[in-house]
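Read through the structure below, which is laid out as structure tokens, and then see the notes.
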Amino acid sequence: MATLFKLEKRLTLVDQVANQLREAITSGRLKSGDRLIEADIAKSMQIGRNAVREAIRYMEKEGLVTTTPFKGAHVTIPNIDEIDQMFEVMSGLEGMCARLAAQKMTNQGLKKIECLHAELENHYAEKDPKAYLKINWQFHEYIQELSKNKVLSEVTSGLRQKTLLYDRRQLYQPNRFNASMQEHRKILAAFRKKDPDLAEQMMKNHLLQQGKALVKSYKSEDGN
């Protein structure tokens, strides 16, 4: 595992380890069923095993790792149906966030949404999906913040951590980058109108389309 992982700065050590493991999973370097050996990962990252152990525990709560007595920790990737269901639920949660955000929208809030959207447009024009996804995270988190509903926010954040693992994969599907940008434009238009019904509808559709793109990509891999 000497070249499998590379630490980043700023985040806590446990978060860094977890992020690197997630990246390895989504990129395909770690596959479902692969064993996570604490000692090897710690040696690769030149850190102690405690941080690796905590990161694995954290990922187990996310459903990405399964730990079995006497067998250790193994990567667990949801099947197609589970991924489809995740995005179905997420569409409802983010749709509710968008509805509440539109209802409580202030001029300041709208201005920030417009600024984030402008960055998405720039990264789209530059054909930079990696930078686009980074701002996309901020865009969705800010809408969640504008909903001003603590319980909804906590539930949404928990599931978003899982769905974000698949965002990059779906965005690289044929025509998906363009479709995502078009969907964001419709979401922005709904917020500009301060229309809760439309905001919820456009946001739900956005998440559902992501899920459909993912399912299509996995089925294509399987030859279905």
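Computed quantities for the displayed model
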item	result
Estimated FRET transfer efficiency (ALA131, LYS71; beta-carbon r; R0 45 Å; 0.05)	0.65
Order of TYR166, TYR218 - criterion: other Cβ atoms within 10 Å of each residue's Cβ, fewest first	TYR218, TYR166
Value of Rg to Rh for region 44-164 (Rh from inverse mean 1/r over Cα pairs, i.e. Kirkwood)	1.07
222 nm mean residue ellipticity, helices alone, for the chain (DSSP H n ≥ 4; -39,500 (n - 2.57); rounded to 500)	-25000 deg cm²/dmol
Potential lengthening between LYS193 and GLU82 on full extension [0.36 nm per residue; Cα-Cα distance subtracted]	36.5 nm
Calculated P(r) tail over 32 Å for the chain, as whole % of Cα pairs	24
Under 24 Å, Cα to Cα: Lys pairs in region 146-224, sequence gap 8 or more or different chains	21
Degrees, to the nearest 10: 196-222 long Cα axis against longest axis of the chain	40
Between region 20-66 and region 158-224, the alpha-carbon center distance in angstrom	28
0 to 90° range, to nearest 10: angle between helix 13-27 axis and the chain longest Cα axis	80
With Cα atoms, 0 to 90° folded angle of helix 80-103 axis to the chain main axis	40
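Bear in mind that the values in this text are calculations on the coordinates, not laboratory data. It should be emphasised that the depicted structure is a prediction, and the values quoted were computed from it without experimental measurement. Virtual Cβ from ideal backbone geometry, glycine too; neighbours counted across all protein chains shown.
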